[in-house]
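Chemist: Shown below is the structure under consideration.
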Amino acid sequence: MAIVLVDRFNRMMAAAAALIAALVLPGPGQPALAEQVVAQAAARDPARIAQASNITVGLIAGDTGSTDARIAADIATVVDDADRLRVLPILGNGSVQNIADLIYLKGVDVAIVHADALAQTMQSNAIPKEGSVQYVAKLYQEEIHVLAGKGIADLNDLNGQPVNAGRPGSGTELTAATLFGALHVGASFRHETDTRALDLLRRGEIAAMVVVGGKPVPLLQTVPPGTGLHFLPIELNQQLVDTYLPISLEYQQYPSLVTMGHSVDTVAVGAVLITLATPADSLRARRINRFVDTLFDRFDQFSEPGFHPKWSEVSLFAQVPGWTRYPEAQTLVSKRDQSREANLRSAFGTYLSQTGQSIDGLDSARQQALFQDFLRWRGKRAGP
């Protein structure tokens, strides 16, 4: 029986070796099997292969397990449209690198980045020219988590202490440097992965770690009770108010890190979907326009079960102050605004008719006062 099994194993290994050789080691004067397959496919349908590059949009986001990466996967699921549009999510190395990849790397058409990284990149003149980067939509907020070990009560206790701030050049590193600088905390930054940093923190080899991500961050939910690890509060001050928003971390998201009935104050940074300014008649513009049109058209699908809960915070029509919106997205926003204005005018006419009033002969101040009365009337009719 053993001899039979050995013989069968040897025959299986020989077959596997023959297959590998056929794929990567061609015979004399013969191309490898893989090359033959590709060549035959190209010969059969060159038009389809040429079309593929014209319908594919590369979307770069965060690294594995990040909120941005999960959002990018959601976008690919909803926006993919068979032979009209394909969205390929790409794992990136953080917001700063994502901006550079969007500008310089072929195959990257859109990117998800943090708003503070976008601002810092512009201020440091790292973007080639003003107006080259445009936003498609403001997305969600990502909370800044500062997880600390025993003996660390607040951020000031981190002066001179080792603190993990994500990969070098990542959005997390930039956010940590901006935040700690604004609060005058002189920590010594380390640059491990979040998983490695959490292990170091448990062993007391670092004092804290900074994680930027939409709550709840899955990795932080794995921390068991009784470790002594806890979140440090971050209070919004004058230096942070222009870039970050106040928010809190609750027991419901992190039962092993937040005491029941309490919350921890922190701040959040916005995520933005961006692309490059592109000539309107280029193939790239056609791809991105199709992507934008489909994203806006199917946006309601993100509220369905199975998608990331952060979609509930997203309004495609919200503005990013100081930045230019991509023209196709701006066109869709303007159409929505025009439609809302038309509906509002119609409703105002109905109000005037029902109340027996008219704006004929009224000066602008009285017309405005009457319009405010209408808005209050409309709000009461809409209910809570």
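Chemist: Taking only the stretch 224-244 into account, find how many residues are touching a residue at least 40 places away in the same chain (Cβ under 8 Å) and either farther than 16 Å from residue 150 by Cα or not in a strand (DSSP E or B) (or both). Write out each step before concluding.
Modeler: As a first pass, look at the stretch 224-244 and keep what is touching a residue at least 40 places away in the same chain (Cβ under 8 Å): 228-234, 237, 239-240, 243-244.
In the following step, the residues that additionally are either farther than 16 Å from residue 150 by Cα or not in a strand (DSSP E or B) (or both) were identified as 228-229, 232-234, 237, 239-240, 243-244.
Selection size over the stretch 224-244: 10.
Chemist: Could you look through the stretch 160-172, keep only residues that are part of a strand (DSSP E or B) and not polar (S, T, N, Q), and pick out the one that is surrounded by the most Cβ atoms within 10 Å (Cβ to Cβ)? If you could, list the steps in order and put the result at the bottom.
Modeler: If we filter the stretch 160-172 for residues that are part of a strand (DSSP E or B), which is where we start, we get 162-164.
Still in the list and also not polar (S, T, N, Q): 162-163.
Details: 162: 17, 163: 23.
Only one residue fits best here, namely 163.
Chemist: Cβ contacts < 9 Å: first residue exposed (fewer than 12 other Cβ atoms within 10 Å of the Cβ), restricted to the stretch 308-319; second residue among the aromatic types (Phe, Trp, Tyr) and assigned to a loop (DSSP other than H, G, I, E, B), any location; separation 6+ or different chain. Result?
Modeler: Sorted first by the residue in the stretch 308-319, then by its partner, the list stays empty.
Chemist: So which of 193, 175 is surrounded by 22 or more Cβ atoms within 10 Å (Cβ to Cβ), at pLDDT below 95 and hydroxyl-bearing (Ser, Thr, Tyr)?
Modeler: Working: 193 fails: surrounded by 22 or more Cβ atoms within 10 Å (Cβ to Cβ).
The conditions single out 175.
Chemist: Identify, from the list 237, 289, the residue that is within 25 Å of residue 160 (Cα to Cα) and open to solvent by 20 Å² or more (accessible area, probe 1.4 Å).
Modeler: Numbers: 289 fails: within 25 Å of residue 160 (Cα to Cα).
Step by step, each of 237, 289 is checked, and only 237 is within 25 Å of residue 160 (Cα to Cα) and open to solvent by 20 Å² or more (accessible area, probe 1.4 Å).
Chemist: Which of (1) touching an Asp or Glu at 6+ places or on another chain (Cβ under 7 Å); (2) not in a loop (DSSP other than H, G, I, E, B) is the odd one out, the single condition residue 286 does not satisfy?
Modeler: Residue 286 satisfies all of (1) touching an Asp or Glu at 6+ places or on another chain (Cβ under 7 Å); (2) not in a loop (DSSP other than H, G, I, E, B) except (1).
Chemist: Looking at the stretch 108-122, can you tell me whether even one residue there is over 11 Å from the mean Cα position of the chain (by Cα), farther than 27 Å from residue 298 by Cα, open to solvent by 10 Å² or more (accessible area, probe 1.4 Å) and in contact (Cβ under 8 Å) with a residue 60 or more places away in the chain? Spell out the reasoning first.
Modeler: So the first thing to find is which residues in the stretch 108-122 are over 11 Å from the mean Cα position of the chain (by Cα), and the list is 108-109, 116-122.
If we keep only those that are farther than 27 Å from residue 298 by Cα too, we end up with 116-117, 119-122.
Next, from what is left, pick out any that are open to solvent by 10 Å² or more (accessible area, probe 1.4 Å): 119-122.
Subset that is in contact (Cβ under 8 Å) with a residue 60 or more places away in the chain: 119.
Yes: the stretch 108-122 contains one or more residues that are over 11 Å from the mean Cα position of the chain (by Cα), farther than 27 Å from residue 298 by Cα, open to solvent by 10 Å² or more (accessible area, probe 1.4 Å) and in contact (Cβ under 8 Å) with a residue 60 or more places away in the chain.
Chemist: OK, next. From the residues in the stretch 178-190 that are in a helix (DSSP H, G or I) and aliphatic (A, V, I, L, M), which one is surrounded by the most Cβ atoms within 10 Å (Cβ to Cβ)? Spell out how you get there, then give the answer.
Modeler: Initial filter on the stretch 178-190 (in a helix (DSSP H, G or I)): 178-182.
From the residues that got through so far, the ones that are aliphatic (A, V, I, L, M) too are 179, 182.
On the way: 179: 24, 182: 14.
For the stretch 178-190, the residue satisfying everything is 179.
Chemist: Now a separate question. Residue 280 passes all but one of (1) among the hydrophobic types (A, V, I, L, M, F, W, C); (2) at pLDDT 90 or above; (3) more than 23 Å from the chain's Cα centre (by Cα); (4) open to solvent by 10 Å² or more (accessible area, probe 1.4 Å); which number fails?
Modeler: The number of the failed condition is (2).
Chemist: Still on this model: Output yes when any residue across the stretch 248-266 is in contact (Cβ under 8 Å) with a residue 24 or more places away in the chain, crowded, with 20+ Cβ neighbours inside 10 Å and under 21 Å from residue 72 (Cα atoms), and no when none is.
Modeler: No: the stretch 248-266 contains no residue that is in contact (Cβ under 8 Å) with a residue 24 or more places away in the chain, crowded, with 20+ Cβ neighbours inside 10 Å and under 21 Å from residue 72 (Cα atoms).
Chemist: So which residues in the stretch 201-221 are part of a loop (DSSP other than H, G, I, E, B) and in contact (Cβ under 8 Å) with a residue 24 or more places away in the chain, if there are any at all?
Modeler: Here is the first cut: in the stretch 201-221, the ones part of a loop (DSSP other than H, G, I, E, B) are 203-207, 214-217.
Listed by number, the residues that qualify are 204, 205, 206, 207, 214, 215, 216, 217.
The values are calculated or read from the model by the stated rules, or taken from the named source; none is laboratory data. Everything numeric in this text was worked out from a predicted model, so none of it was measured. Note: ideal-geometry Cβ built from the backbone for every residue, glycine included; neighbour counts use all protein chains shown. Ligands, DNA and RNA are stripped out before the accessible areas are found, and what is left, the full protein with its side chains, is counted by its heavy atoms. Shrake-Rupley method; radii C 1.70, N 1.55, O 1.52, S 1.80 Å.
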